[in-house]
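Worksheet: the structure to be examined is printed underneath.
Any read-out appearing in this document is the output of simple, stated calculations on the displayed coordinates, not a laboratory observation. What you are looking at is a predicted structure, and each value in this text was computed from that prediction instead of being measured. When we count neighbours, we look across all protein chains shown, and the Cβ atoms used for this are built from the backbone with ideal geometry, even at glycine.
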Amino acid sequence: MTFFTSEYESKLDAKGRLVLPSRVKAQLPEGAGHELVIRRGFEQCLILYPMVEFKKVFSRISGLSEFNEEYRKLQRNFFSGTATVEMDGNGRFLIPKNMLTYAGLDKDVILVGMGNKVEVWNPAVYEKHLIKDPSELSKLAEKYLTE
């Protein structure tokens, strides 16, 4: 089972390649190979999936009825913002230029483990999405995690 957690600071090289931190690579599923899927996030970030995890999401979205206009919009926008990337022997992969632009990525990036996926953020944009007030976090936890 894939289990990504924590935050990791990383850097893009001049070609737009990202090296996955060793702790992230260690959490990739056994036998997953070097193929990953990257997509535009709902916020201004990128989402990185091991192929096995992306196939679960793909199945849910591609299974929606093509006869429903909202489903088609979701499918079109979701799948058009997706690319398969290949990790090299050093654990690097090239992020497509249009995705670098979308997420505002330049040199420094923050990787955030999100369970079955990893978010890739521009540090300044990520900072804006963090909860600053501990009581707000507590209220969200109470709202969504209590029975």
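Below are the figures for this structure:
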| read-out | value |
| --- | --- |
| Tally of residues being among the aliphatic types (A, V, I, L, M) and either over 12 Å from LEU48 (Cβ atoms) or in contact with a helix residue (DSSP H, G or I) (Cβ under 8 Å, 6 or more places away or on another chain) (or both) across segment 68-86 | 2 |
| Residue check, PRO96 in contact with a strand residue (DSSP E or B) (Cβ under 9 Å, 6 or more places away or on another chain) and at negative phi | yes |
| Total residues in segment 68-84, condition in a loop (DSSP other than H, G, I, E, B) and either touching a Cys at 6+ places or on another chain (Cβ under 7 Å) or in contact (Cβ under 8 Å) with a residue 24 or more places away in the chain (or both) | 1 |
| In segment 38-67, the residues that are without any contact (Cβ under 8 Å) to a residue 40 or more places away in the chain, in contact with a helix residue (DSSP H, G or I) (Cβ under 9 Å, 6 or more places away or on another chain) and part of a loop (DSSP other than H, G, I, E, B) | LEU64, SER65, GLU66 |
| Residue check for GLY16: closer than 23 Å to TYR102 by Cα, out of contact with any Asp or Glu (no Cβ under 7 Å at 6 or more places or on another chain), surrounded by 14 or more Cβ atoms within 10 Å (Cβ to Cβ) and not basic (Lys, Arg) | yes |
| Top-ranked residue in segment 100-132 [being out of contact with any Pro (no Cβ under 8 Å at 6 or more places or on another chain) and assigned to a strand (DSSP E or B); ranked as surrounded by the fewest Cβ atoms within 10 Å (Cβ to Cβ)] | GLY115 |
